[in-house]
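Participant: The structure is given below, and queries will be raised subsequently.
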Amino acid sequence: MSARRIFTRPARFAAIAPYVWMVLFFLVPFGFVLKISLSQTAIAQPPYEPVFDLAAGWTAIKAAFAALAIDNFKLLVSDELYVFAYVRSLTVAVTATAILLVIGYPIAYGMARLPRRWQAVAMVLVIVPFWTSFLIRIYAWINILQHDGLLNQILLALHLVSQPVVWLSTDSAMYLGIVYSYLPFMILPLYATLAKMEPALEEAAADLGAPPLKVFWLVTFPLSLPGVGAGVLLCFIPIVGEFVIPDLLAGSNSLMIGQTLWLEFFTNKDWPVASAAAIVLLVVLLAPLLLYERLQRRQLEQGR
Amino acid sequence: MRRHARLSRCNIASLALGLAFLYLPILMLVIYSFNASRLVTVWGGWSLRWYRELFNDRAMIEAAWMSLRVAVCSATIATLLGTLAAVALSRGERFRGRTLFSGMLYAPLVMPEVITGLSLLLLFVALNAERGFWTVTIAHTTLTMCFVAVVVQSRLGSLDRSLEEAAMDLGCDPVRAFVAVTLPLIAPAIVAGWMLAFTLSLDDLVIASFTTGPGSATLPIRIYSEVRLGVKPEINAICTLVIALIAVVIVIASLASKLSSSQGESAAPL
């Protein structure tokens with residue numbers, strides 16, 4: 001009993017280095033994003049004019065607060081481009097997450113019902129694509145979806161279509177890319193809860209006369225809700241801010257917020273607006289982020 | 001009984017379809033990297049032509065070298081910091097600022113990369129740091145140490161603590177008990193964590209684009225700018241090489257995790 005207590009003190013010292021690192025490189029930078037988002041755009045290097053300078057003292061800060069440049073935020077709200085981008089990001093994320101859940105659940109369920117030996121193999125097979133570069137996997141799809149790509153060749157050979165279909169630069173291609181890239185993130189948490197579930201519960205329900213669908217809906221699904229929650233959040237949050245997939249696979253007529261942020265930053269060199277867009281995105285994602293953090297903490301600390 | 005059999009056939013079908021969906025595109029990419037034809041869609045026989053062209057592409061090789069150095073450096077620092085963080089979280093009981101600490105460690109796992117990248121860049125600009133190798137390395141360390149922490153923490157959580165306690169009852173001080181007992185037990189998770197950090201760093205496009213400076217592009221940045229222009233056989237070749245490297249890393253990581261028991265690994269999201 002006392003041994004355990006002695007161990008905790010040096011363990012706490014272990015927190016110092018990573019703590020300092022994360023405060024410095026994760027927490028503090030958000031302060032800068034906030035600061036720049038309230039600055040005026042300027043044609044300079046770096047391309048913004050700070051509204052307040054800590055060095056200028058308290059009066060300067062007060063003066064700055066009076067004339068704080070919330071123009072960037074006003075722009076985000078008034079300019080349809082940004083409003084559409086946020087709405088589109090959320091729509092895409094909700095739709096894609098729903099598709100992922102529908103596809104991922106049967107796969108995770110199938111994995112959890114395999115014999116023990118094969119479960120480990122299946123898990124490795126699902127994880128491996130996650131290790132393979134994101135960009136490469138999207139590129140692989142460009143190969144297949146392009147005008148004279150494999151998909152069109154197959155469709156033409158089977159006489160399902162009379163001329164090549166345009167797949168690239170469409171929303172379907174984007175959804176395909178998102179589902180493809182995020183599938184492991186959906187499957188693994190689902191599998192983790194489904195594998196822990198007692199099969200006897202399902203068998204009991206079936207023995208008592210429940211048809212398979214009812215067993216699933218009344219027993220299996222409710223018990224797997226923690227996994228569903230983790231999988232949904234693990235997919236939804238990053239998809240809202242996704243850049244690479246919509247950029248390479250979707251058309252350029254309607255952008256997601258990650259793309260507008262990228263465009264403002266790299267093409268228009270408008271750092272303040274990009275920062276404001278990031279702040280709004282962060283605020284939108286705050287609730288799901290906190291929820292995810294709680295789920296993750298509970299899961300990792302269950303073991304004791 | 002028969003219903004059971006049918007159910008499992010349905011399971012196997014969904015599994016097989018799912019895996020085919022995951023693997024076929026990558027397989028096609030690898031096969032077409034050996035295509036002799038310049039047209040990416042016409043099969044012109046097997047050839048190593050695009051690999052030869054790749055080795056004459058100086059910019060691509062420089063980018064690859066940069067990416068490798070960043071990946072090794074950031075994975076090493078991230079493994080060190082991530083392991084310390086995991087130890088603090090799973091053995092430190094309650095300490096002040098613990099909630100903030102775990103929050104900072106779990107948030108980057110799902111945080112959109114555009115936000116992380118932008119915020120780090122603004123920090124580096126404010127600090128007047130010269131952007132290049134070190135800024136990308138720091139940025140990648142910040143992201144990947146969180147993944148390492150989760151992997152190691154889930155391993156630590158599944159360990160039998162009485163082993164550490166026994167070592168201390170037998171007269172080890174806590175640090176010695178940790179080094180002699182705990183560390184060997186979590187070593188496989190640490191190795192797996194390093195490998196994961198390495199591949200994540202090697203893959204990252206968005207954060208690197210924000211935090212790198214002119215003239216020091218990483219491999220994904222190079223690949224991305226080529227991919228935007230369309231499909232090219234050289235890109236298939238470099239992608240195949242990256243996949244091969246990652247395959248080696250995965251084999252090593254899975255050998256390492258085979259040394260550890262499979263218990264508790266499901267707690268990690270990976």
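Any read-out appearing in this document is the output of simple, stated calculations on the displayed coordinates, not a laboratory observation. Keep in mind the model is a prediction, meaning the values are calculated, not measured. As a convention, Cβ positions derive from the backbone with ideal geometry for all residues, glycine included, and neighbour counts pool all protein chains shown.
Participant: Just to verify a number: FRET efficiency for residue B:24 and residue A:91, C-beta to C-beta distance, R0 = 35 Å, to 0.05? It would help to have the intermediate numbers written out before the result.
Facilitator: Working: r = 29 Å, r/R0 = 0.82.
Plugging the Cβ-Cβ distance into 1/(1 + (r/R0)^6) gives 0.75.
Participant: Take the alpha carbon atoms of the stretch B:44-97, find their center, do the same for the stretch A:232-271, and report the distance between the two centers in whole angstrom.
Facilitator: 24
Participant: Right, another one. Quick one: what do you get for the stretch A:217-304 if you divide its Cα Rg by 2.2 N^0.38 Å? Write out the running numbers ahead of the final one.
Facilitator: Numbers: Rg = 17.2 Å, N = 88, 2.2 N^0.38 = 12.1 Å.
Compactness ratio reported: 1.43.
Participant: Moving on to the next point. Over all directions, what mean area does the Cα convex hull of the stretch B:57-267 project, stated in square nanometres? Walk me through the numbers before you get to the answer.
Facilitator: On the way: hull surface 54.2 nm².
Averaging across all directions leaves 13.6 nm² for the Cα convex hull.
Participant: Looking at the P(r) of the stretch B:136-212, how many percent of alpha-carbon pairs lie beyond 18 Å? Can you show the working numbers first?
Facilitator: On the way: 1504 of 2926 pairs.
It works out to 51 percent of all Cα pairs.
Participant: Note the angle between two axes, namely the Cα long axis of helix A:57-66 and the longest principal axis of the Cα atoms of chain A, as a number of degrees from 0 to 90, rounded to the nearest 10.
Facilitator: Tilt relative to chain A: about 70 degrees.
Participant: Would you mind checking the tilt of helix A:116-131 against the longest principal axis of the Cα atoms of chain A, expressed as 0 to 90 degrees and rounded to 10?
Facilitator: Value to nearest ten degrees: 30.
Participant: While we're here: Measuring from centroid to centroid over Cα atoms, what is the spacing of the stretch B:144-178 and the stretch B:181-242 in Å?
Facilitator: So the separation of the two Cα centres works out to 30 Å.
Participant: Extending each Cα 7 Å along its Cβ direction at residue A:158 and residue A:206, get the distance between those two points in nm, one decimal.
Facilitator: Placing both labels 7 Å beyond Cα along the Cβ direction yields 3.2 nm.
Participant: Additional query: Could you line up A:207, B:203 from fewest to most neighbouring Cβ atoms inside 10 Å?
Facilitator: Sorted ascending by nearby Cβ count, the order is A:207, B:203.
Participant: Compute log10 of I(q)/I(0) for the stretch B:10-106 with the Debye formula, placing one identical point scatterer on every Cα and leaving out solvent, at q = 0.11, 0.21, 0.22 Å⁻¹, to two decimals.
Facilitator: The Debye formula, applied to the Cα set alone, gives -0.73, -1.02, -1.06.
Participant: Compute the angle between helix A:80-112 and the longest alpha-carbon principal axis of chain A, please, reported from 0 to 90 degrees and rounded to the nearest 10.
Facilitator: Its long axis makes an angle of about 30 degrees.
Participant: Quick one: 3J(HN,Hα) in Hz for the stretch A:233-247, Karplus 6.51/-1.76/1.60 with θ = phi - 60°, rounded, Gly and Pro as x.
Facilitator: Computed from phi, the couplings for the stretch A:233-247 are 5, 4, 8, 4, 4, x, 5, 4, x, 4, 10, 4, 5, x, 5 Hz.
Participant: With springs only between Cα atoms under 10 Å apart, run a GNM on chain A and tell me which of A:178, A:136, A:245 wobbles the most.
Facilitator: For chain A, modelled as a Gaussian network with Cα springs under 10 Å, the answer is A:136.
Participant: Can you give me the span-like helices of chain B, meaning DSSP H runs with 15 Å or more of Cα extent along the axis and Kyte-Doolittle mean at or above 0.0?
Facilitator: Within chain B the helices that satisfy the rule are B:2-32, B:58-91, B:98-110, B:113-126, B:133-158, B:183-203, B:233-259.
Participant: Further question on the same structure: Where Lys and Arg each count +1 and Asp and Glu each count -1, what net charge lies around residue B:75 among other residues with Cβ under 14 Å from its Cβ?
Facilitator: Values: positive: B:69; negative: B:203, B:204.
Summing Lys and Arg as +1 and Asp and Glu as -1 gives -1.
Participant: Return a whole-number percent for the relative contact order of the stretch B:57-267, with Cα pairs under 8 Å and 6 or more residues apart as the contact set. Walk me through the intermediate numbers first.
Facilitator: On the way: 229 pairs, mean separation 72.5, N = 211.
For the stretch B:57-267, the relative contact order is 34 percent.
Participant: A further question follows. Output the Cα-based Rg and Dmax of the protein assembly as shown in Å, rounding Rg to one decimal and Dmax to a whole number.
Facilitator: Taking only Cα atoms of the protein assembly as shown, I get Rg and Dmax of 24.9, 81 Å.
Participant: Need one number: nm distance between label points at residue A:196 and residue B:160, each 7 Å from Cα along Cα→Cβ, rounded to one decimal.
Facilitator: Roughly 2.1 nm, to one decimal.
Participant: Can I ask one more? Tally Lys and Arg at +1 and Asp and Glu at -1 over the other residues with C-beta under 15 Å from the C-beta of residue A:75: what net charge comes out?
Facilitator: Details: positive: A:74; negative: A:71, A:79, A:80, A:264, A:270.
Net charge in that neighbourhood comes out at -4.
Participant: A further question follows. Can you tell me the alpha carbon radius of gyration of the stretch B:7-57 divided by the globular rule-of-thumb value 2.2 N^0.38 Å? Provide the component values of the computation, followed by the final result.
Facilitator: On the way: Rg = 16.5 Å, N = 51, 2.2 N^0.38 = 9.8 Å.
Rounded to two decimals, the normalised Rg is 1.69.
Participant: Right, another one. Excluding residue B:198 itself, what net charge comes from residues whose Cβ is under 13 Å from its Cβ, given Lys and Arg +1 and Asp and Glu -1?
Facilitator: On the way: positive: B:69; negative: B:203, B:204.
Charge balance in the 13 Å sphere: -1.
Participant: Compute log10 of I(q)/I(0) for the stretch A:70-300 with the Debye formula, placing one identical point scatterer on every Cα and leaving out solvent, at q = 0.15 Å⁻¹, to two decimals.
Facilitator: -1.09
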